[in-house]
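Undergrad: This structure is in structure tokens; I'll ask about it shortly.
The values are calculated or read from the model by the stated rules, or taken from the named source; none is laboratory data. A quick note: this is a predicted structure, and the numbers were derived from the prediction, not measured. All Cβ positions, even for glycine, are placed from backbone atoms using ideal geometry, and neighbour counts span all protein chains on display.
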Amino acid sequence: MTRQELSTVVHELLEKETGETYPGLQESTSLREGLNLDSLDMAGLVLHMESRFGIQIETELLEGIATIGDMLNVLERKLAATPGRHAA
């Protein structure tokens, strides 16, 4: 899955989790300040991503996720480390 495809899925999951629309998301967009996500939103988003991609995102990794780009970096690393798994 390309980074652009991952970005599209993250965008869809963000909108599903929050019920908001986010036109013009950039990798530099802050999840908390830019999108006003709180800890509950973040937890729900992570659960959606784990389910969608068949991965587990450890709490330690979450602490380093501040932007859309950070989220994509984590997803790329997790998917690369999970052979035989394909995003649905």
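Undergrad: Taking the condition of being surrounded by fewer than 14 Cβ atoms within 10 Å (Cβ to Cβ), under 11 Å from the mean Cα position of the chain (by Cα) and of a type in the set (D, E, K, R), how many residues in region 28-58 meet it?
TA: Within region 28-58, residues that are surrounded by fewer than 14 Cβ atoms within 10 Å (Cβ to Cβ), under 11 Å from the mean Cα position of the chain (by Cα) and of a type in the set (D, E, K, R) number 1.
Undergrad: Restricting the search to region 26-55, which residues are part of a loop (DSSP other than H, G, I, E, B) and either charged (D, E, K, R) or touching a Leu at 6+ places or on another chain (Cβ under 8 Å) (or both)? Don't jump to the end; show me each part of the working.
TA: Kept after step one, since they are part of a loop (DSSP other than H, G, I, E, B), are these residues of region 26-55: 26-29, 31-38, 54-55.
Across region 26-55, the qualifying residues are 27, 29, 31, 32, 33, 35, 37, 38, 55.
Undergrad: When you check residue 40 against the structure, is it closer than 20 Å to residue 82 by Cα and modelled with pLDDT under 95, yes or no?
TA: No: the conditions fail for residue 40.
Undergrad: Say whether the condition of being polar (S, T, N, Q), surrounded by fewer than 17 Cβ atoms within 10 Å (Cβ to Cβ), out of contact with any helix residue (DSSP H, G or I) (no Cβ under 6 Å at 6 or more places or on another chain) and not in a helix (DSSP H, G or I) is met by at least one residue in region 74-85.
TA: Yes.
Undergrad: Now, a different point. For residue 8, only one of the following conditions fails: (1) of a type in the set (Val, Ile, Thr); (2) within 12 Å of the chain's Cα centre (by Cα); (3) in a loop (DSSP other than H, G, I, E, B). What is its number?
TA: Here residue 8 clears every test but (3).
Undergrad: Before we move on, is residue 30 without any contact (Cβ under 8 Å) to a residue 40 or more places away in the chain and either among the aromatic types (Phe, Trp, Tyr) or in contact with a helix residue (DSSP H, G or I) (Cβ under 9 Å, 6 or more places away or on another chain) (or both)?
TA: yes
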